[in-house]
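Everything below concerns the one structure shown next.
No value in this document is a laboratory result; all are computed from the given coordinates. This is a predicted model, so every value here is computed, not measured. As a convention, Cβ positions derive from the backbone with ideal geometry for all residues, glycine included, and neighbour counts pool all protein chains shown.
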Amino acid sequence: MRMFMKAAVAAASILGVGASAIAAETVITADAMVDVVKGKLIEKPMIVVRDDRIVAIGKQGSFTPGEDATYIALDGMTLMPGFMDMHVHISGDAETPFYMTMGYSIPRQTVVAVKNAEKTLMAGFTTIRDLGDDGYSVIGVRDGINAGEIVGPRIYSVGNALGITGGHCDNNFLAPEMKSKSNGVADGPWAVREKVRENIKYGANAIKFCATGGVFSKGTKVGVQQYTLEEMKAIVDESHLRGLVVAAHAHGTSGIKTAIVAGVDSVEHVSFVDDEAIALAKKFGTYFSMDIYNTEYTLTYGAENGVPEENINKEREVSQRQRESFSRAVKGGVKMVMGTDAGIYPHGDNAKQFSRMVEFGMTPMQALQAATINAATLLKQERDLGALQEGFLADIVAVKGNPLDDITLTENVTFVMKDGVVYKGGN
Ligand SMILES: [Zn+2]
């Protein structure tokens, strides 16, 4: 037995590779493939996957895969890199009556997150950034997915989003005697640094803070800045020191600009921009992540789902302006990622935002790039994620037809592979 093991190890080292040398290859063929790096459609592609990586990619017939390879022929379909949504809350459900969600324990929120993680992956979103729960439920779900115990996308989780006392990231809905306070509340430069450290201690692999008021909080004005520049700089400095990317929730113009100057990696929502905000984003290389689909859901179903009138009114105030800002940002050449705020609308509908991104100024290719290579670059994972290239992780989705002709095809993903494992479709 011992001899046999030694022989096997020797054989592997002669090949110059590890155990993966004997793993079988999977070969995927389709009618077309979107090359998001070059910005063009490639016809008749062939991708070879071994373990969790793409090991070869090219035109069909341009190379010969290994003899024992398994073939997946996706006739009539177009391949794309797995989609990446940079603003999601998988521990929340839009359909649950608003005040009832406040009675949800952290274990209950975790169950919700497990369910939504699977829905999200099946919709073709192989990577998400979850921008805030209240008690690390999403970090538990992320770790369960990574351990292979449950099914879901690759998750970047911020843990508890940072915010000022009484701000958008606090909970102001309950009576004072309930002494309700969100776990991410911290005031002052050293307190926010401590909160970043605490999030990292418990497993956060991204950071978020609230720079302005927001639509779904009580008593906050969307346009009004919350953290000061000094506090924002402290959050960004501490996060970058630890190697984490920072997202700032900001609707109002001064909050957007202050967050950019503080050095955040992405601004979320970005409802009220002006020329200076666009110029600053370009100067600092800041990404905009703008949730321009969910307004339709909130204005149609919000009242029915128990969203208070104050919040629906704020949505009315923001929605049109945000879409105008989106068009200005695209025209102005700001770097954009896809961020949908799923959880405000039902999970699994994330791709509905693609058509709105096209309606408000992007080409279909730009919309797909926002949800792939741009998002990967924001996360500093552009060598592993967001493109179909040799050496990249095998996160591959497919739709019937050509999404560059009809972007709404992204709403019906028929094939999902993550880390080289097929979760949907195939043979
Ligand atoms: Zn959000």
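Points to keep in mind about this one:
- Taking the number of Cβ atoms within 10 Å of each Cβ as an exposure proxy, the fewest-first ranking of 169, 210 is 169, 210.
- Computed over the chain, relative contact order equals 19 percent, with contacts defined as Cα pairs under 8 Å that lie 6+ residues apart.
- Length gained on full extension, residue 177 to residue 274: 30.8 nm, using 0.36 nm per residue less the C-alpha separation.
- Anisotropy class of the stretch 83-378 from Cα gyration tensor, a/c 1.5 cut: rounded
- Of the residues 168, 240, the one with the fewest other Cβ atoms within 10 Å heads the list, and the complete ranking is 240, 168.
- Cβ-based exposure ranking for 307, 413, in which fewest neighbours within 10 Å come first: 307, 413
- The GluC sites (Glu not before Pro) of the stretch 35-144 meeting both criteria, a DSSP state outside H, G, I, E and B (loop) and at most 12 other C-beta atoms within 10 angstrom of the site's C-beta, are 67, 95.
- Given R0 = 22 Å, the distance between the Cβ atoms of residue 382 and residue 405 translates into a calculated FRET efficiency of 0.20.
- Loop GluC sites (Glu not before Pro), the stretch 140-197 (other Cβ atoms within 10 Å of the site Cβ: 15 or fewer; DSSP): 149
- Sequentially through the stretch 301-313, phi angles give Karplus couplings (6.51, -1.76, 1.60; θ = phi - 60°) of 10, x, 4, 4, 7, x, 5, x, 3, 3, 6, 5, 4 Hz, Gly and Pro residues having no value and appearing as x.
- Computed helical MRE - 222 nm, the chain, DSSP H runs ≥ 4 contributing -39500 (n - 2.57), nearest 500: -10000 deg cm²/dmol
- Beta bridges per DSSP with both ends in the stretch 83-378, % antiparallel, nearest 5: 5 percent
- Inter-label distance, nm, simple model (7 Å from Cα along the C-beta direction), residue 52/residue 282: 3.9 nm
- What the Cβ-Cβ distance of residue 100 and residue 421 gives, at R0 = 35 Å and to the nearest 0.05, is a FRET efficiency of 0.45.
- Each Lys and Arg adds +1 at its Cβ and each Asp and Glu adds -1 at its Cβ; summed about the Cα centre, the stretch 83-378 shows a dipole of about 540 debye.
- Between residue 194 and residue 313, full extension at 0.36 nm per residue minus the direct alpha carbon distance yields a gain of 39.3 nm.
- Residue-wise HN-Hα couplings along the stretch 50-59, as the Karplus relation 6.51 cos²θ - 1.76 cosθ + 1.60 with θ = phi - 60° gives them from phi, are 10, 6, 9, 10, 7, 9, 7, 8, x, 6 Hz; Gly and Pro carry x.
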